[in-house]
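Reviewing the structure listed below.
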Amino acid sequence: MKTPIDPTIVKQEIDKMGLASVGLASIRELNRIVNNIETAANEAYIRMEMGVPGLNPPKIAVDGEIDALKKGVGSKYPPFDGIPELKDEISRFVKQFIDVDINPESCFPTVGSMQGCYMAMMCTTRRIKGQNKILFLDPGFPVNKRQASVIGVPFDNFDVYEYRGEKLKIKLESYLEKGDVASLMYSNPNNPAWICFTDRELAIIGELANKYNCIVMEDLAYFGMDFRKDYSVPGQAPFIPSVAKYTDNYILLISSSKSFSLAGQRIGMTAIPDKLFNSKGNGLEPYFGSDNFGYAYIFGAMYALSSGVSHSSQYGLSALLKAVNNGTYNFVESVKEYGERAKIMKTLFTGNGFLIVYDMDDTQKIGDGFYFTLSYPGFTGVELVEELLYYGISAISLTTTGSDRHEGLRACVSLTGPDRFGQLEDRLKAFALDHPKDSDFKVIHS
Ligand SMILES: Cc1ncc(COP(=O)(O)O)c(C=O)c1O
């Protein structure tokens with residue numbers, strides 16, 4: 001059967017990679033296969049597998065970095081915990097947009113928020129003897145579990161979709177009451193489902209973190225990108241919902257990759273409340289040389305991992321944050337485009353027989369943002385990933401994200417501009433035609 005991409009080439013490139021299952025490939029593996037098919041078939045895919053920003057980096061950040069490089073910072077080691085002006089701006093940033101007070105001392109840059117997640121896992125799971133487990137509130141970013149495995153930390157997980165609102169409390173407590181959970185992690189907005197916890201749910205998480213003395217690793221990789229509310233005005237409500245309002249047992253992990261389109265610079269931010277930063281833990285010393293949490297973080301974990309963050313990118317981010325905090329650069333406005341794309345792309349998919357898997361946010365309809373989730377009747381997510389490759393569309397299966405919804409895919413909107421919508425529609429129409437809903441749904445190609 002003829003498909004938008006020559007099926008012989010698709011099959012040949014899939015086989016060449018020698019994977020047990022394309023649908024279970026990691027994001028980077030799938031990315032490689034699609035690159036190879038694109039080259040062999042000389043066709044461009046609708047690339048939705050990888051969450052990379054599709055917008056240019058802000059000029060203020062670029063100029064800030066260039067100026068710093070010209071001044072010669074490249075030859076000097078940066079402080080492990082960041083240059084003072086950046087620490088100040090991160091502290092101001094969390095005040096302006098989340099409305100929490102965190103001392104600049106415990107606000108610092110990391111090599112992407114990825115490194116921030118890694119450090120948070122290292123330090124929280126060794127903080128208190130006997131409490132070494134991570135609980136992932138899934139679906140989630142698959143590589144976070146890889147990080148836990150790399151450092152040999154045990155973890156549990158559950159899919160939150162069926163446990164929204166008050167139901168979250170009982171479910172969460174069923175894990176925490178065992179007493180071995182050191183920390184829990186979720187992203188908000190959620191990668192991949194774009195779920196956003198409500199204030200009531202964040203309050204539940206915060207209260208339980210207090211009760212069981214565990215740390216909430218709140219991954220704000222899509223900071224301010226729930227476009228249903230306008231979080232763009234510094235110092236003014238509405239503020240970005242955060243567990244920080246309900247407990248002191250938290251670590252904020254903020255990425256500059258998506259909200260600021262700075263993924264290539266590998267600079268993120270960590271903010272730890274003063275009380276936790278200055279606290280002690282009886283499990284820390286053997287690993288980090290100190291029983292003080294903040295000291296262990298900076299002079300143990302950060303020293304051992306990368307000894308700080310590229311000096312020039314700290315100046316770039318610092319210049320950008322200053323403009324954002326002063327209200328002269330509206331970062332939300334700059335990335336709203338993703339929400340507009342999602343709205344249209346979702347319509348194109350649902351108009352051709354696809355369904356949105358995570359469609360509700362507790363009692364509200366899910367927002368339009370960087371990701372959405374999809375299914376097609378009769379297909380598992382793993383089958384759908386592979387079948388869509390023949391139609392020039394790439395996405396990842398939700399199975400890799402800890403989701404219970406094995407029929408689903410995650411689609412990222414960032415690389416599909418309006419100029420590709422027509423082609424996306426044609427490909428989806430071809431898919432729908434080849435997979436009519438009233439027949440028994442067979443995977444045709446794989
Ligand atoms: C949930 C989540 N956390 C962390 C990251 C990593 O961010 P960074 O590029 O700042 O390392 C991402 C990037 O896709 C993400 O989706």
Practice prompt. With runs of 4+ DSSP H residues as the only contributors, calculate the mean residue ellipticity of the chain at 222 nm using -39,500 (n - 2.57) per run, divided by the residue total and rounded to the nearest 500.
Written response: -11000 deg cm²/dmol
Discussion item. Quick check on packing: order 158-164, 408-414 by the mean number of other C-beta atoms within 10 Å, highest mean leading.
Written reply: 408-414, 158-164
Worksheet item: Which percent, to the nearest 5, of DSSP beta bridges fully inside the stretch 59-326 are antiparallel?
Response: 35
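Just list whichever of Lys169/Lys437; Lys2/Lys437; Lys71/Lys280; Lys129/Lys258; Lys145/Lys245 have alpha carbons separated by over 29 Å in the model shown. Walk me through the intermediate numbers first.
Numbers: Lys169/Lys437 39 Å; Lys2/Lys437 19 Å; Lys71/Lys280 40 Å; Lys129/Lys258 36 Å; Lys145/Lys245 27 Å.
Flagged as over cut-off: Lys169/Lys437; Lys71/Lys280; Lys129/Lys258.
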Fill in: Shape category assigned to the stretch 59-326 from the gyration tensor of Cα positions, a/c cut at 1.5
oblate
Discussion item. Angle check, please: helix 7-17 long axis (alpha carbons) against the longest principal axis of the chain (alpha carbons), in degrees 0 to 90, nearest 10.
Written reply: 40
Worksheet entry | Placed amide H near Ile128: partners under 5 Å, 5+ positions off or other chain | Gly283
Worksheet item: Which aspartates and glutamates have a Cα lying under 17 Å from the Cα of Lys76, excluding residues fewer than 8 positions away in the same chain?
Response: Glu65, Asp67, Glu85
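Based on the mean of other Cβ atoms within 10 Å per residue, sort peptides 280-286, 232-238, 385-391 so the most packed one is first. Before the final figure, lay out each step's value.
Values: 280-286: 15.9, 232-238: 13.0, 385-391: 25.1.
Answer by packing, highest mean first, reads 385-391, 280-286, 232-238.
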Worksheet item: Which ³J(HN,Hα) values, rounded to whole Hz and listed in residue order, are derived for the stretch 26-42 from phi using the Karplus coefficients 6.51, -1.76 and 1.60 in 6.51 cos²θ - 1.76 cosθ + 1.60 with θ = phi - 60°, glycine and proline given as x?
Response: 6, 4, 5, 5, 5, 4, 5, 4, 5, 4, 5, 5, 4, 5, 5, 9, 6
Worksheet entry | Sites His406 and Lys437, calculated FRET efficiency, Cβ-Cβ separation with R0 22 Å, nearest 0.05 | 0.65
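Let me check against my output: what whole-number percent is the relative contact order of the stretch 59-326, with C-alpha pairs under 8 Å and at least 6 apart?
Working: 537 pairs, mean separation 83.4, N = 268.
Value for the stretch 59-326: 31 percent.
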Discussion item. Which lysines, if any, have their Cα less than 16 Å from the Cα of Lys322, not counting same-chain residues under 8 positions apart?
Written reply: Lys59, Lys87, Lys95
Practice prompt. Would you please give the FRET efficiency between Val52 and Lys280, computed as 1/(1 + (r/R0)^6) with r the Cβ-Cβ distance and R0 = 30 Å, to the nearest 0.05?
Written response: 0.15
Practice prompt. Starting from the Cα of Glu333, step 7 Å along the direction of its Cβ; do the same at Thr363; then give the gap between the two resulting points in nm.
Written response: 3.4
Worksheet item: What angle do you read, to the nearest 10 degrees and between 0 and 90, between the alpha-carbon axis of helix 84-98 and the longest principal axis of the chain?
Response: 60
Worksheet item: What angle do you read, to the nearest 10 degrees and between 0 and 90, between the alpha-carbon axis of helix 311-326 and the longest principal axis of the chain?
Response: 90
Fill in: Within the chain: Cβ-based charge dipole about Cα centre, in debye rounded to nearest 20 (Lys, Arg +1; Asp, Glu -1)
600
Item to complete: Starting at the first residue of the stretch 135-144, write each ³J(HN,Hα) from the Karplus equation 6.51 cos²θ - 1.76 cosθ + 1.60 with θ = phi - 60°, in whole Hz, x for Gly and Pro.
Response: 10, 9, 8, 8, x, x, 7, x, 5, 4
Practice prompt. List the residues whose amide H sits under 5 Å from the amide H of Val216, counting only those 5 or more places along or on another chain, with H placed 1.01 Å from N in the peptide plane.
Written response: Leu184, Tyr250, Ile251
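Bear in mind that the values in this text are calculations on the coordinates, not laboratory data. Note that the coordinates shown come from a computational prediction; the quantities given were computed from them, not determined experimentally. Positions of Cβ are generated from backbone atoms using ideal geometry, with glycine treated the same way; all protein chains shown enter the neighbour counts.
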